[in-house]
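First up is the structure itself, then whatever we jot down about it.
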Protein chains: 2
Amino acid sequence: MSFDRLWADLLPVGRSADDGGYHRYTWAGADTDARAWFTEAATTRGLDVRTDRNGNLWAWWGAPGPGAVATGSHLDSVPNGGAFDGPLGVVGALAAVDELRSRGFTPDRSLAVGVFVEEEGGRFGVPCLGSRLATGGIDPARARGLTDAAGTTWAEAMAAAGLDPDGIGADPDLIGMFDVFVELHVEQGRALADTAHPVGVASSIWPHGRWRMDFTGRADHAGTTRLLDRADPMLPLAHTILAARALAEEHEARATVAKAHITPNGTNAIPSLVSAWLDARAADQDALAAVVDGVREAADRAARDHGVALAVAAESTTPLVEFSHDLRDRLAGIVADRVPESAGPVPILPTGAGHDAGVLSAHVPTAMLYVRNPTGVSHSPREWADPEDGRAGVVALADVLSDLLSAPGRTT
Amino acid sequence: MSFDRLWADLLPVGRSADDGGYHRYTWAGADTDARAWFTEAATTRGLDVRTDRNGNLWAWWGAPGPGAVATGSHLDSVPNGGAFDGPLGVVGALAAVDELRSRGFTPDRSLAVGVFVEEEGGRFGVPCLGSRLATGGIDPARARGLTDAAGTTWAEAMAAAGLDPDGIGADPDLIGMFDVFVELHVEQGRALADTAHPVGVASSIWPHGRWRMDFTGRADHAGTTRLLDRADPMLPLAHTILAARALAEEHEARATVAKAHITPNGTNAIPSLVSAWLDARAADQDALAAVVDGVREAADRAARDHGVALAVAAESTTPLVEFSHDLRDRLAGIVADRVPESAGPVPILPTGAGHDAGVLSAHVPTAMLYVRNPTGVSHSPREWADPEDGRAGVVALADVLSDLLSAPGRTT
């Protein structure tokens, strides 16, 4: 199967010699290389590669137009991310095209294989930016002004990549061509790990979001300033980190403070400013609101106790995504055909992770296939899928596409 | 008085247009400019400027040799520091030379005006590095290998500045020339603020140090990893920040976590590593040990609770410095002559801040004069001394130097 060769080709791009972690950031070095790799691999296959107004890539099998089936994922990574999150869905889609052709399959509809930009928000902070832009989910002016850690804006970085940042925004002509979108993705947990199923189907994406908290204190000498005279923003930060964990436990949710910028970040300089980010997710909107409101209250209280000012802003929020039940059940039926009956029904899984499929689902009937991950780890060099399971994912995707590309009229 | 002109000349060097904070980092831009300013100001005065083997500058009034009196301070800053911490003692020393000359004073001994490198540890992390090197207080090989935030070593930065890093280390020939060292410094608290005294005298420097704590967790996806499966180093960090504060309160000490590096520092990526620095100071060694041991225990316990590994290393420690009582009383007597009797005795003050004077005090009789700081703030753009008090500091220093430079034989 061509999957192994495609996978081996992409594997070194952006991989750290240290520990094998990936560093692929939108509009820069390794991410640009990975996009070039995609363009070449798709062109070699006779697919017609186009860049949409937001910088997402689309490789067409058949003429672009209404009634198309779309698949794909992303190639960017979190800092020091894993090999599979994103690339498995892109490589898997190209391999599925090869698989369908090797079966002698002739599609009745066109297929678009997509690579979304900035899915992780690893450079500009807003996840699923490419799909949000295309579906009108974010104001283009706000997107243009997003900055990376060095202060470079999205507009500047996109222009430096040779694309026109003035053209970004909702792309109904493109999105309107898609009758259905299916994303193949590595599982980001161990729900499949102890089953006989290499492939599962998504049920929902938890509502989730990112909140930025700016704790403004007062710069002072850490050695000479009396404790009572301080306005040290590290103290409310600490209370907030612990409150997030406690509230996540209470509501069976996830709440994490994994990123903070400390100014000036000197050993003996009480910070004037600490900016920290809350990532929160829960099974339903009420639980998420309870977690986020609770963290805000705890942060507010601790900030007040320490004479620190607090400003909280939602950077991105995504409501509950419940994937189309009809489509999900249709996919589960197709996937089940490759698994012995003794394995039991194909697992239907919720996830805490956001995906471009989640963003698209408000506009297009959407589904996801998950490939088993024995470590359950994601966003880390330890993220994994056995090659055998990767190939099973390609077969499943090919089976699903074969069905969707054959169906007459509107797919669902 | 020449103080105002000298001060106005140096003031813009390395000052941020934003909020007036200073950014002077050893061997780079603004710090190099400030050193060049010093060399020119001293040379213009007919002083002979020499760079010692460790990169400290010495402007000699009279021939270098045994029996000399030394004064001075430093020109580097913490990130976004104030204008006075360091520069006041350098500018003040040059102004004191002018003042003595304007009085027609002829010294019986030589005077050396020093500018120590890397007093703040703002670039390479070890404070008082220039004085530590000169007095043999740090292994030269360790100093050469110290790195800044960009990974540049002390050796590389020093070589780029045109100096020989292989030559650094203990400099007994230089230190042996000094019979006494007096440092003029802005006060870093408000002990003088509500008195009639513009100038006080140092009694002691609290024992203090910096400890690096590496919390090694496991990189994971913040949205998908179950709470129980995490090894999130932000959680023990939070406990450690709060423990430091509680222990400082308990022991009437200072303990601060003001600097941390989070890897990879992504919103949805549980960190693999958090490095944080503890700055701790206390009135005596027992109290300091109680604070530091307590923080270590709390950090250890929290790390264990969360499956995180912890390594703690002392980066620098400085024992209690008790300045020479004879010299201190002699200075207080001299300073008192300029203050009305109704002001009461000249304040004799301990401090939580480290100084090159503290490092030298183990080798040379040493004293410090503090200039009143109405804000009490230090290491911040709000650090302040009224110009009138700055001039009073220069007069006090000139009076003291006049006495020391006239005394026959060994000074104390």
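Observations
- Using all pairs of distinct alpha-carbon atoms, the Kirkwood hydrodynamic radius of the stretch A:208-318 works out to 14.1 angstrom.
- Which of A:GLU383, B:GLU156, A:GLU252, A:GLU40 is most accessible, then next, and so on - probe 1.4 Å: A:GLU252, A:GLU40, B:GLU156, A:GLU383
- Note on the stretch B:159-199: Cα-Cα pairs beyond 15 Å make up 68% of the total pair count.
- Distant-in-sequence amide H partners of B:ARG123 (H built 1.01 Å from N, under 5 Å): B:THR26
- Shielding of A:180-191 by partner chains, average beta-carbon count, 10 Å: 1
- With a 10 Å cut-off around each Cβ of B:228-237, the average count of Cβ atoms from other chains is 4.
- With distances taken between every two different alpha-carbon atoms, the stretch A:11-93 has a Kirkwood hydrodynamic radius of 13.5 Å.
- Using just its DSSP H runs of length 4 or more, each adding -39500 (n - 2.57), chain B gives a mean residue ellipticity at 222 nm of -10500 deg cm²/dmol after division by all residues.
- Taking a ≥ b ≥ c as the square roots of the eigenvalues of the alpha carbon gyration tensor, the stretch A:46-101 is oblate, as a/c is not under 1.5 and a/b does not beat b/c.
- Stokes-Einstein diffusion of the stretch A:274-405 at 25 °C, 0.890 mPa s viscosity, Kirkwood radius from Cα pairs, rounded to a whole number: 135 µm²/s.
- Charge tally around B:LEU405: other residues with Cβ under 13 Å, Lys/Arg +1 each, Asp/Glu -1 each, net -2.
- Span-like helix ranges in chain A, DSSP H, alpha carbon extent 20 angstrom or more, Kyte mean at least -1.0: A:29-44, A:87-102, A:234-250, A:285-305, A:387-406
- Taking the DSSP beta bridges with both ends in the protein assembly as shown, the antiparallel portion is around 70 percent.
- Using a probe of 1.4 Å on the protein chains alone, the accessible area found for A:GLU315 is around 40 Å².
- Of B:ARG144, A:ARG281, B:ARG301, the order by accessible heavy-atom surface (1.4 Å probe, DNA, RNA and ligands excluded), from most exposed downward, is B:ARG301, B:ARG144, A:ARG281.
- Annotation: the stretch B:85-144 has a Kirkwood hydrodynamic radius of 13.6 angstrom, from the mean reciprocal C-alpha pair distance.
- Dipole check for the protein assembly as shown: with +1 at the C-beta of Lys and Arg, -1 at the C-beta of Asp and Glu, and the Cα centre as origin, the magnitude is about 160 Debye.
- Normalised size of the stretch B:70-207, defined as Cα radius of gyration per 2.2 N^0.38 Å with N residues, equals 1.19.
- Here the Karplus curve 6.51 cos²θ - 1.76 cosθ + 1.60, taken at θ = phi - 60°, turns the phi angles of the stretch B:252-266 into couplings of 6, 10, 10, 8, 9, 10, 10, 9, 8, 10, 10, 10, x, 6, x Hz, with x standing for Gly and Pro.
- Ratio of the Cα radius of gyration of chain B to 2.2 N^0.38 Å, where N counts its residues: 1.03
- Dmax and Rg, reported as Rg then Dmax, of the stretch B:306-379 (C-alpha, Å): 18.0, 63
- Of the residues A:VAL115, B:VAL312, the one with the largest accessible area comes first in the ranking B:VAL312, A:VAL115, computed with a 1.4 Å probe on protein heavy atoms.
- The rotation axis taking chain A to chain B passes closest to this chain A residue's Cβ, listed with the gap in Å: A:ALA238, 2.
- Karplus-based coupling profile of the stretch B:107-112, in residue order and whole Hz: x, 8, 10, 7, 10, 10, with θ = phi - 60° in 6.51 cos²θ - 1.76 cosθ + 1.60 and x standing for Gly or Pro.
- Share of pairwise Cα separations in the stretch B:158-281, more than 23 Å, in percent: 62 percent
- Accessible surface of A:ILE241 - all protein chains present, 1.4 Å probe, nearest 10 Å²: 10 Å²
- Couplings 3J(HN,Hα) of the stretch B:342-353, computed from phi: 5, 6, x, x, 4, x, 10, 10, x, 9, x, 8 Hz, in residue order, whole Hz [Karplus 6.51 cos²θ - 1.76 cosθ + 1.60, θ = phi - 60°; x for Gly and Pro].
- Gain on full stretching of the segment that runs from A:ASP214 to A:SER406 - 0.36 nm per residue minus C-alpha separation: 63.9 nm
- Extension gain, A:HIS325 to A:ASP48, is 96.5 nm, computed as 0.36 nm per intervening residue step minus the present C-alpha separation.
- Between A:GLU40 and A:MET1, the FRET efficiency estimated from the beta carbon spacing at R0 = 25 angstrom works out to 0.80.
- Of every Cα-Cα pair in the stretch A:238-286, the percent that sits beyond 13 Å: 61 percent
- Signed unit charges on C-beta, dipole axis of the stretch A:146-285, positive-most listed residue A:LEU146, A:PRO236, A:ILE175: A:PRO236
- Remark: C-alpha extents of the protein assembly as shown on the principal axes read 107, 48, 42 Å, sorted largest to smallest.
- Residues listed by number, the stretch B:203-219, amide nitrogen under 20 Å from A:ASP18 label point at 7 Å toward C-beta: B:212-219
- Added length on full extension, which subtracts the Cα-Cα distance from 0.36 nm per residue, B:ALA343 to B:THR153: 63.4 nm
- Radius 13 Å from Cβ of A:ALA96, net charge of other residues (Lys, Arg +1; Asp, Glu -1): -1
- Long-range amide H partners of A:ALA269 with built H, under 5 Å: A:ALA222
The values are calculated or read from the model by the stated rules, or taken from the named source; none is laboratory data. Since we're looking at a predicted model, the values are computed, not measured. Virtual Cβ from ideal backbone geometry, glycine too; neighbours counted across all protein chains shown. Surface areas here come from the heavy atoms of the whole protein model, side chains and all, with no ligands, DNA or RNA. Shrake-Rupley method; radii C 1.70, N 1.55, O 1.52, S 1.80 Å.
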